Amino acid sequence: MIDRDHELSVTRQAELVGISRGSVYYLARPASEADLKLMRRLDELHLDHPFMGARMLRDQLHREGVQVGRRHITTLMHRMGIEALCPQPGSSKPAPGHKVYPYLLRKLAITRSNQVWALDTTYIPMARGFVYLTAVVDVFSRKVLAHKVAITLEACHAKEIIEQAFAKYGVPEIVNTDQGSQFTAIEFTHAVLPRGCKLSMDGRGAWRDNVFVERLWRSVKYERVYLKAYDSVSAARADIGDYLAWYNAQRAHSKLDRLTPDEAYFAGLPQLKLAA
């Protein structure tokens, strides 16, 4: 994202993309084995009990014999990109310089494909280290329209997959995200709004926070990721890609009258309904 050979200074480039200059020069240290093990357990607890904040997670871990402080749990949660899904003080503050868009799905009946797409990012543990999975999901059909496995949480990854989805499936009426910095960044919003669709953003910590994508994450992790121990980013990328292809084409959903996401998506396209 930062081009050190560009005519603009690194400082100015950092200002334009909304990140601190220090983060450009900072070299992150790899997480320790103990932290990786703890992050894996935090991820499992967050999937099962998304309302748990750092204090409740600390208490739960203490009951399991893991002695860890609340502040360290908070640091790891921030690194993983997760937070408790419950009302929080000051929860409407966006990243510095980023605009937050209103939530548009309240009381909205979602009755067709390409009416609403949702984007989200989740933490994926590996044998050593971790990666992030970002996906675009059609809310009506649960179909995964595009996805990417990456080693960082940046707007460029969200922009890449939303543009892939646009190119392959057209433009939805609404794109819904949370208030993560990768989604409020100008790089991402400028990829969405000129297409003519509306941006919708959940409140931070809201219970409704991309609930359909959260269900996908649960399926991905319990049906594939937690059964594996990826030894490289390429292995994680290939295996998750295989799973999502199977998920779209072959995994029937009770909420879709036992249809697969592919079947529900194409049956739900407005032009197909009109033709019928």
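The values are calculated or read from the model by the stated rules, or taken from the named source; none is laboratory data. Predicted model only: the values in this text are computed from it and were never measured. For neighbour counting, all protein chains shown are included, and Cβ atoms are generated from backbone atoms with ideal geometry for every residue, glycine included.
The table below gives the values:
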quantity: Residue that is buried (at least 16 other Cβ atoms within 10 Å of the Cβ), within 22 Å of Ala118 (Cβ to Cβ) and modelled with pLDDT under 95, where the choices are Leu269, Leu244, Leu259; calculated: Leu269
quantity: Any chance Ile151 is surrounded by fewer than 16 Cβ atoms within 10 Å (Cβ to Cβ), under 16 Å from the mean Cα position of the chain (by Cα) and touching a residue at least 40 places away in the same chain (Cβ under 8 Å); calculated: yes
quantity: So Tyr123, is it assigned to a strand (DSSP E or B), surrounded by fewer than 20 Cβ atoms within 10 Å (Cβ to Cβ) and of a type in the set (Phe, Trp, Tyr); calculated: no
quantity: Number of the exception - Gln164 against (1) in contact with a Lys or Arg (Cβ under 6 Å, 6 or more places away or on another chain); (2) surrounded by fewer than 23 Cβ atoms within 10 Å (Cβ to Cβ); (3) not in a loop (DSSP other than H, G, I, E, B); calculated: (1)
quantity: Conditions (1) farther than 21 Å from Arg112 by Cα; (2) assigned to a loop (DSSP other than H, G, I, E, B); (3) small (Gly, Ala, Ser): number failed by Ala158; calculated: (2)
quantity: Complete set of residues in region 121-138 that are more than 10 Å from the chain's Cα centre (by Cα) and not hydrophobic (A, V, I, L, M, F, W, C); calculated: Pro125, Arg128, Gly129, Asp138
quantity: Residue check, Ser113 over 21 Å from Tyr222 (Cβ atoms), crowded, with 16+ Cβ neighbours inside 10 Å and in contact with a His (Cβ under 8 Å, 6 or more places away or on another chain); calculated: no
quantity: Entirely in region 1-90, the helices (runs of 4 or more DSSP H) that have 1 or more residues that are under 25 Å from Glu214 (Cβ atoms) and modelled with pLDDT under 90; calculated: 33-48, 70-80
quantity: Residues that are among the aliphatic types (A, V, I, L, M), more than 14 Å from Ile73 (Cβ to Cβ) and without any contact (Cβ under 8 Å) to a residue 12 or more places away in the chain, drawn from region 27-56; calculated: Leu27, Ala28
quantity: Given (1) surrounded by fewer than 19 Cβ atoms within 10 Å (Cβ to Cβ); (2) on the phi > 0 side of the Ramachandran plot, index of the condition Arg142 fails; calculated: (1)
quantity: Conditions (1) closer than 30 Å to Asp231 by Cα; (2) in a loop (DSSP other than H, G, I, E, B); (3) at pLDDT 95 or above: number failed by Ser113; calculated: (1)
